[in-house]
Amino acid sequence: FKGGDTCEYLLSSGRFLGEKVWQPHSCMMHKYKNSEAKNCLIDKHVVFIGDSRIRQLFYSFIKLINPQVKEEGIKHGNIPFEDQSASIKVDFLWYPEVNGSMRQRIKSWAEGSVAKPHIIVVGAATWSIKIHNGSNEALAQYKINITSIAPLLEKLAISSDVYWVLQDPVYEDMLSESRKMITNEKIDAYNEAAVRILNSSSRNSKAKVKVFSVSKLIAQETIMKSADGLHLPESSRDTNAMILMNVYCNKIMKPIDGSCCQPQPPLTLIQKIAFCFFTLSIFGYLIISLIHRNNYRKNKSCTDLESGEEKKPAISTPNVSTLEMLLHCFCKLGLIMTYFYLCDRANLFMKENKFYTHSSFFIPIVYILVLGVFYTENTKETKVLNREQTDEWKGWMQLVILIYHISGASTFLPVYMHIRVLVAAYLFQTGYGHFSYFWIKGDFGVYRVCQVLFRLNFLVVVLCIVMDRPYQFYYFVPLVTVWFMIIYATLAVWPQIVQKKANGSCLWHFGLLLKLICLLTCIYFLSYSQGAFEKIFSFWPLSKCFELNGNVYEWWFRWKLDRYVVFHGMLFAFIYLALQKHQMISEGKGDPLFSNRVSNVLLFISIVSFLTYSIWASSCKNKTECNELHPSVSVVQILAFILIRNIPGYVRSVYSSFFAWFGKISLELFICQYHIWLAADTKGILVLIPGYPMFNVLVSTFIFVCVAHEISQITNDLAQIVVPKDNSTLLKRLLCTAGFFSGLHFFSAMQDQSRH
């Protein structure tokens, strides 16, 4: 739609989300902090030229650099500002009319030896209307003066950023008697003259003066809140200043959540290699498909004249079918990755900022819960946390997390605290599931480890290559991967204690509990020793995986936030399996888990615990303090939910096939949302269909879910090929994998060197 110049959209169009959040058309606006503004404007000179409205914009702009600045000084005079720490100089020059004096000042920069400012913001008209009582002669003179100034501004625009600020509308009912002649009709006439002259003049020039017209749209919505009917309220001029900062700084600072005015990032060497690989896979698959089709035609069943029976064509050899399957998977994956790149790296589709409202979060939650209840079926087995039930649990949690992300609900602390429990519940299942497998099966072979690691990490590794993102960026996958390895190491290290061995003697149970206590001690030590944790993960090659922005602090924070919940999952699995072994629980269809009396007491305690946690989470006032308590108390709501879900026999015997379907692709949904449902690496929302928010969400969600499902199928197919059961073949594949990552590291080092 209209090309990819998001700067033009930022300066000219947009809408309000709520009362104070401005959303530019098609792109995302970053909210600059003081430190970011200083880094962008270091050694820069910025000049604002105009009347009292431009002076307002000047003050809002310098408050982005230093919030302590007060609006003091001469009203009708020049106002200097300087930040010596960053060598930033911002000046306001009082020129309330477009006249000879303003022209002379601009000419001194354009043609004189005076140093040119890096940013020039100009605008004036209301004084001309006021002084000349809105006469037509004043408008004619205004046109003449702008015509004489326009070539000078264009000359300056070659080396500087020049913005002409159009006049905002006024609230005529509130204007004082001395300003009654300033009408919106007159302002529109002056704006129209300025735009026409600047646009016609710029057609023949090398550079263009940027027309800052978005302030008009902002003023139309907010001018009625003005104190005098002429000057904008503070929130509106702050928005204008932030837009100005985005226009200039986004191309310099390249913030993730500031897509406006950002050029498309160039392809890296690794991305180019990946593109070639996927292209070859597509052509390879097409060639093999054509060969097979021709062979099929040649070997097509023909009627045997003597017997009248049909001869069947020869079956393809397994090697060829494996190669075809491999190429087919990479062919589909290549097309999907192209879509990923176009959505979140190319400037093809629009992106918008998130905006949270209670209705945008809770209405979809109610809707999916109704759908989930509607698709209720009987489970194949009635054990606690059976496969259908865990898939259902993952499914509804993942859908709630997706709604949480797209609605921007992280700004609402009670919702944030409940979502933290859902993330903890995923990790609880990791501890429960892997412990149960190793305890019951006793399978500590390399094949099992490679299968799990491949299924967890395949998509993320591909995205790291295609989207040029570090591994730690997709924080949840490193988290579950590390915890899987910790569970494996805890149980596989000598002495290996499994259920079969423990059945012979109760002492083995104490041995396992001793292992779990050692694990808990290590977790406790690392959580309170950031230095030790960072030293472990700062060693190469771990540092390449877990560093983000040059350090492992983000990884330590993510790990620490749910540090005990995997241990809780392992301990729960141990206790549950011990109770099951000694037949202390009843898991028959329709039967309560314990005796009626015990079941009722436990159910009552669980409901009270569940609600108590929700009340505590909803009353949280400080995010940091609540995060500190979360690792120790999140297990309360998780265990309460498990007991509520499993104690009543009927509830344990049914599940939602709707939620379970999403649960089977929950990992792919969580990862894919980063780039093809959300945008700008989860900071914004992808817009495939502008102007129709609900329809856009429906279309993008449909594509997103289909893609996640397809990637899940591809991962399962490739896991069977890439991770064989034969140990000698598996060893060769592991050596090839080591070679692949060594090559990836080599090319990554080349990229980093070329960037620096």
Probe 1.4 Å, all protein chains in place: accessible area of TRP94 in Å², nearest 10?
-> 40 Å²
To the nearest 10 square angstrom, what accessible area does GLU221 show with a 1.4 Å probe?
-> 110 Å²
Would you work out which of TRP540, GLN673, TRP22 lies farthest towards the positive end of the dipole of the chain? Charges go on Cβ: Lys and Arg +1, Asp and Glu -1.
-> TRP540
Compactness relative to 2.2 N^0.38 Å, alpha carbon Rg of the stretch 599-756 = 1.53
Label-to-label distance, nm, for residues given as GLN496 and LEU513 (7 Å Cα→Cβ offset) = 2.5 nm
Ignoring ligands and nucleic acids, what accessible area does TYR248 show with a 1.4 Å probe (Å², nearest 10)?
-> 20 Å²
Would you mind counting up the charge near LEU669? Only other residues with Cβ under 14 Å from its Cβ, with Lys and Arg at +1 and Asp and Glu at -1.
-> -1
What distance in nm separates the simple spin-label points at ASN627 and MET584, each placed 7 Å from Cα in the Cβ direction?
-> 3.9 nm
Can you run phi through the Karplus equation (6.51, -1.76, 1.60; θ = phi - 60°) for the stretch 150-156 and list ³J(HN,Hα) in whole Hz, with x for Gly and Pro?
-> 3, x, 5, 5, 5, 5, 5
Between 0 and 90°, nearest 10: helix 623-646 axis offset from the chain longest Cα axis = 40 degrees
Peptide ranges 414-421, 672-679, 227-234 listed from the most packed, as the mean C-beta count within 10 angstrom indicates | 672-679, 414-421, 227-234
Using alpha carbon centers only, the stretch 381-411 is separated from the stretch 537-582 by a whole-angstrom value of 20 Å
Here the gain from full extension of LEU735 to THR390, 0.36 nm per residue of separation minus their alpha-carbon distance, amounts to 120.7 nm
With R₀ set to 35 angstrom, the calculated FRET efficiency between the beta-carbons of GLN720 and THR521, to the nearest 0.05, is 0.35
With 0.36 nm assigned to each residue of separation and the Cα-Cα distance removed, PHE557 to GLU19 gains 190.3 nm
With only Lys, Arg, Asp and Glu charged, each at its Cβ (+1 for the first two, -1 for the last two), find how big the charge dipole of the stretch 349-723 is about the Cα centre; round to the nearest 20 debye.
-> 680 debye
Of LYS44/LYS251; LYS441/LYS560; LYS107/LYS130, pairs whose Cα-Cα distance is over 19 Å = LYS441/LYS560; LYS107/LYS130
Partners for LYS380 among aspartates and glutamates (Cα-Cα distance below 18 Å; same-chain residues under 8 apart left out) = GLU388, ASP391, GLU392, GLU587, ASP591
By a straight-distance test (C-alpha under 15 Å), which aspartates and glutamates pair with LYS225 as possible cross-link partners, with residues fewer than eight away in the same chain excluded?
-> GLU19, ASP168, GLU172, ASP173, GLU234, ASP238
Evaluate the relative contact order of the chain (contact order divided by residue number), counting alpha-carbon pairs under 8 angstrom at least 6 apart; express in whole percent.
-> 15 percent
Between ARG196 and GLN753, what length in nm is gained on full extension when 0.36 nm per residue of separation is reduced by their alpha carbon distance?
-> 195.7 nm
Helix-only mean residue ellipticity at 222 nm for the chain, each DSSP H run of n ≥ 4 adding -39500 (n - 2.57), per residue, nearest 500 | -20500 deg cm²/dmol
Per-pair calculated FRET efficiency, R0 = 45 Å: ASN133 and GLU111 via Cβ, rounded to 0.05 = 0.85
Which aspartates and glutamates have a Cα lying under 16 Å from the Cα of LYS623, excluding residues fewer than 8 positions away in the same chain?
-> ASP562
Phi angles of the stretch 695-705, converted by Karplus (6.51 cos²θ - 1.76 cosθ + 1.60, θ = phi - 60°) into ³J(HN,Hα) in whole Hz with x for Gly and Pro, give 5, 4, 5, 4, 5, 5, 5, 4, 5, 4, 5
May I ask you to evaluate 6.51 cos²θ - 1.76 cosθ + 1.60, the Karplus curve with θ = phi - 60°, for each residue of the stretch 127-139 and list the ³J(HN,Hα) values in order in whole Hz, giving x for glycine and proline?
-> 5, 4, 5, 5, 5, 9, 6, x, 6, 5, 5, 5, 5
Under a plain spin-label model, where a point goes 7 Å from the Cα along Cα-to-Cβ, how far apart in nm are HIS745 and LYS441?
-> 3.0 nm
When N is the residue count of the chain, what does its C-alpha Rg come to as a fraction of 2.2 N^0.38 Å?
-> 1.19
Which order do SER113, SER200 take when ranked by solvent-accessible area (1.4 Å probe, heavy atoms of all protein chains), largest first?
-> SER113, SER200
What FRET efficiency do you get for MET224 and ASN549 if R0 is 60 Å and r is their Cβ-Cβ distance, rounded to the nearest 0.05?
-> 0.85
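The values are calculated or read from the model by the stated rules, or taken from the named source; none is laboratory data. Computed from a predicted model, the values in this text were never measured in an experiment. Neighbour counts run over all protein chains shown; Cβ positions are idealised from the backbone, glycine included. In case anyone asks, the SASA skips ligands and DNA or RNA and just uses the protein heavy atoms, side chains included. Shrake-Rupley method; radii C 1.70, N 1.55, O 1.52, S 1.80 Å.
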